[in-house]
Each structure stands twice: as structure tokens, then as C-alpha cells.
1. From the list Ser107, Ser66, exactly one residue is hydroxyl-bearing (Ser, Thr, Tyr), surrounded by 16 or more Cβ atoms within 10 Å (Cβ to Cβ) and on the phi < 0 side of the Ramachandran plot. Which is it?
2. Has region 172-190 got at least one residue that is free of Cβ contacts under 8 Å to residues at least 40 places away in the same chain, assigned to a loop (DSSP other than H, G, I, E, B) and charged (D, E, K, R)?
3. Take the residues in region 49-80 that are in a helix (DSSP H, G or I) and basic (Lys, Arg); name whichever of them is nearest to the chain's Cα centre (by Cα).
4. Quick one: in region 25-48, of everything that is of a type in the set (Asp, Glu) and in a helix (DSSP H, G or I), which residue is nearest to Gly155 (Cα to Cα)?
5. From Thr148, Thr84, which residue is surrounded by fewer than 16 Cβ atoms within 10 Å (Cβ to Cβ), part of a helix (DSSP H, G or I) and of a type in the set (Val, Ile, Thr)?
6. Out of curiosity, is Ser134 more than 29 Å from Lys225 (Cβ to Cβ) and surrounded by fewer than 20 Cβ atoms within 10 Å (Cβ to Cβ)?
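Since every read-out is calculated from the coordinates, none of them should be taken as a lab result. What you are looking at is a predicted structure, and each value in this text was computed from that prediction instead of being measured. Every residue, glycine among them, receives a Cβ derived from its backbone with ideal geometry; neighbour counts consider all protein chains shown.
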Amino acid sequence: MSKLIRLIILSLFVGQTRAQEAFNYTRDFTKILEQTNDPSSDLYFDKLLKRFRLNDNNLTDKETLSLLIGFTDDPHFKPYHYLTVERSIYSLNAQGKFKEALQLADSLLVTVPLSQQAIIEKSYSHYKLDQTDSSDFYMWKFKRIMRTMASTGDGLSPESAIFALGPADGQNFIYKYLASDIGTMGSGRDKNGNFIDILTALIKDEKTGETKSQTMYFHVQHAVKKMFDPGELEDAMKKKKKNKKEKLKVGKDGRVYIKN
């Protein structure tokens, strides 16, 4: 499927979702979070997590989004802290150390069951070890999260930013869901002051060979709050803007690397 067509489909999909009930980060995040903490609610976090662990095919986008939001209240939700572990899992797979990658992924998923990076890397490890059923089991989880992210916004403006649980999830969305490269990376805020990641997707038209640059926005306010004290937030945003031209490349093995 053309990458450009995929982006158009994403916009149409979100348009249909909005005709029903659009997700609004400022309005809905806290409301959903409260429901995930209520044992009597159908969106209670423990109930949803159990279904997610079992790969319940009946999980809806709303339920999966509630699961992601609910995890932001978990004491283990420190996305900028365990980002190093996620990168280590990726590195082990890149080195062909698939069993070691599985062990590290398993250890992280015990306390961070919604680590998008650990889930997809675990699927990859199983695949390389010819463990197809296990690979498919974790790929389902990854795709479930991707589809849910796509339902939260088209990502084409700060006001329609896509919900991303962790700081690297927006990158995964572009690389693996839109099958595109990334140009510049930066950050900013929406009109309500919510912190957002700003990534440039480089979408190549497979027929003409031309590349279109599309700025995309991802909500990460909940993640940033876990990293910074209020006084440090602006400094962090300025630093990220300064480094926004950091480039990434795709290696011969099809995996993504940061250019030094």
C-alpha cells in the first residue's frame, strides 16, 4: 500500500471516529483516568490489562486507550527512565542476540506491560528464533496499540495530536505503522499548554518516487510530567528544539539507527 494513501486512510479513519465521539486530550484524559481507577467501571485498569495480556480480540479502541491512560497512574510508569532498557533490547536484537533480547524484554514487561518497544522487539526476537506463534502473539499486541493510537487523532495539527504513551512511540508509529522515515524531531505545546512531540514524516510515493514531508504531532504531556519538575520543563523543551535536526537512518537489516 502506498505510504501516502496510508496517511490519507488514517485521516479518513479519524474523521469517521470524530463523527461518533472524538478523543480530546484536555477534556478526556483525566475523566478516563478516573474511570480506570474505579473497580466498578468497565474501564477499570486491572480488568483491561488482564484482557490485553490474553490478547482479547474484543478489546475496542476506547478500551485500549483507557488501558494506556490508566497505566500513566502506575508507579512503574517512568517512560524516560526505562527508555534506556528499551534501547538495550533493540540493540541486542540488532546484534542478533535474540535470546538475550527476549530475557530483557520479559524482565521489563513484568512491570511495564505496555512498553510498545519491548512488545515489538519481543515479537521480532521470536520471529528470528522461528517461534512463529509467539511472534504473532506479541505482534497482535503491537498492532492493537498502533490502531488505538490512530483512532485518537490524525496527528496533522497540535489540536488533533495522536496519543503516545511513551517518548519513542510516535517514532514507532511513523516507522512501523506509516512505513515512513523521519526527518526532524522537536517538541512544543498545543493551545491548552499540553506538551507534544513534533516529528516530520518523510512519506515516499512508491509510484513517483517523490518524498512528501508531513509534520505530525503526538501527545506526551503525561510522560513529560513523570520526568520533570515544573521549573525544568521549559528548559527541556528548549534543549529538544535545539537538537531537533537529529537524523535517523535505516540500516541494511531494515532497522532504525540514530546518526551520530
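1. On the way: Ser107 fails: surrounded by 16 or more Cβ atoms within 10 Å (Cβ to Cβ).
Going through Ser107, Ser66 in turn, just one is hydroxyl-bearing (Ser, Thr, Tyr), surrounded by 16 or more Cβ atoms within 10 Å (Cβ to Cβ) and on the phi < 0 side of the Ramachandran plot: Ser66.
2. No: region 172-190 contains no residue that is free of Cβ contacts under 8 Å to residues at least 40 places away in the same chain, assigned to a loop (DSSP other than H, G, I, E, B) and charged (D, E, K, R).
3. Residues of region 49-80 in a helix (DSSP H, G or I): 49-53, 61-71.
Applying the additional criterion that residues be basic (Lys, Arg) yields 50-51, 53, 62.
Working: Lys50: 20, Arg51: 20, Arg53: 18, Lys62: 16 Å.
Checked region 49-80; the qualifying residue nearest to the chain's Cα centre (by Cα) is Lys62.
4. Step one: filter region 25-48 for residues of a type in the set (Asp, Glu), giving 28, 34, 38, 42, 46.
Restricting the remaining residues to those that are in a helix (DSSP H, G or I) gives 28, 34, 46.
On the way: Asp28: 17, Glu34: 25, Asp46: 29 Å.
It comes out as Asp28.
5. Numbers: Thr148 fails: surrounded by fewer than 16 Cβ atoms within 10 Å (Cβ to Cβ).
The conditions single out Thr84.
6. yes
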